[in-house]
1. If residue 227 meets every condition in (1) out of contact with any helix residue (DSSP H, G or I) (no Cβ under 7 Å at 6 or more places or on another chain); (2) within 29 Å of residue 25 (Cα to Cα); (3) at pLDDT 95 or above apart from one, which number is that one?
2. Take the residues of the stretch 89-112 that are surrounded by 15 or more Cβ atoms within 10 Å (Cβ to Cβ) and under 16 Å from residue 50 (Cα atoms): which is modelled with the highest pLDDT?
3. Check 65, 53 and return the single one that is surrounded by 16 or more Cβ atoms within 10 Å (Cβ to Cβ) and either farther than 21 Å from residue 193 by Cα or without any contact (Cβ under 8 Å) to a residue 60 or more places away in the chain (or both).
4. If we scan the stretch 165-180, do we find a residue that is part of a helix (DSSP H, G or I) and within 19 Å of residue 23 (Cα to Cα)?
5. Which numbered condition trips up residue 203, out of (1) more than 16 Å from the ligand (Cβ to nearest atom); (2) surrounded by fewer than 17 Cβ atoms within 10 Å (Cβ to Cβ); (3) under 30 Å from residue 74 (Cα atoms)?
6. Going through the stretch 148-168 one residue at a time, which ones are surrounded by fewer than 15 Cβ atoms within 10 Å (Cβ to Cβ) and either touching a strand residue (DSSP E or B) at 6+ places or on another chain (Cβ under 9 Å) or in contact (Cβ under 8 Å) with a residue 12 or more places away in the chain (or both)?
7. For the condition within 16 Å of the ligand (Cβ to nearest atom) and surrounded by fewer than 17 Cβ atoms within 10 Å (Cβ to Cβ), what is the one hit in 182, 171?
Ligand SMILES: [Zn+2]
């Protein structure tokens, strides 16, 4: 992990940053968007440091940004794979096992290294899965092998996290892939939309500029919003 050996501490993303990132989420691929978020949220981390992050650590740092914004509890509404009912799923970030400070082994005894954000940026534009896999294997500098996925998982177990849960309607047990970047992107879009609605309500009454309203500390923006809506 670089830079420094302490757990990376994110800044709390500002309202302007969240609106920028919300717009970027519509335009960028998931890997590129996560790079943009981490660049805004972790001061002192250069582009090369972020590209070198193993995916589990990238996700841990994305969740660090999310904790600074909205706290520890993730709420999702997955659809049951059996009865198609939608149910509520609540996950506490500390229980998931991510640790942004954990040192991921650089390589295993066969010189295999974990997949990094830089690798994802290099292969995510390749539409054919076989082509992406071949490019990834070339970047990892290893030959194709039947146990490659297992060895990569052993190197970086948090790169691919599945949540086991039971549907409260039909009781069907199921495993759901945890898409950290997709989850944070949805929340950032929700926060940005709400903030822009607040700006519109305040501007309608007070005729201040968007930039001025966004610069207000959150508590004061909330006060003027309640005045505008009174
Ligand atoms: Zn069900």
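The values are calculated or read from the model by the stated rules, or taken from the named source; none is laboratory data. No experiment lies behind these values; they were computed from the predicted model shown. Positions of Cβ are backbone-derived with ideal geometry, glycine not excepted, and every protein chain shown enters the neighbour counts.
1. Here residue 227 meets the rest and fails (2).
2. Here the residue is 100.
3. 53
4. yes
5. Of (1) more than 16 Å from the ligand (Cβ to nearest atom); (2) surrounded by fewer than 17 Cβ atoms within 10 Å (Cβ to Cβ); (3) under 30 Å from residue 74 (Cα atoms), only one is false for residue 203: (3).
6. Within the stretch 148-168, 154, 157, 162, 164, 166, 168 qualify.
7. Answer to the check: 171.
Condition check ((1) touching a helix residue (DSSP H, G or I) at 6+ places or on another chain (Cβ under 9 Å); (2) under 30 Å from residue 73 (Cα atoms)) across all residues:
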{"position": "101", "(1), (2)": "yes, yes"}
{"position": "122", "(1), (2)": "yes, no"}
{"position": "129", "(1), (2)": "no, no"}
{"position": "148", "(1), (2)": "yes, no"}
{"position": "169", "(1), (2)": "no, yes"}
{"position": "172", "(1), (2)": "no, yes"}
{"position": "178", "(1), (2)": "yes, yes"}
{"position": "187", "(1), (2)": "yes, yes"}
{"position": "192", "(1), (2)": "yes, yes"}
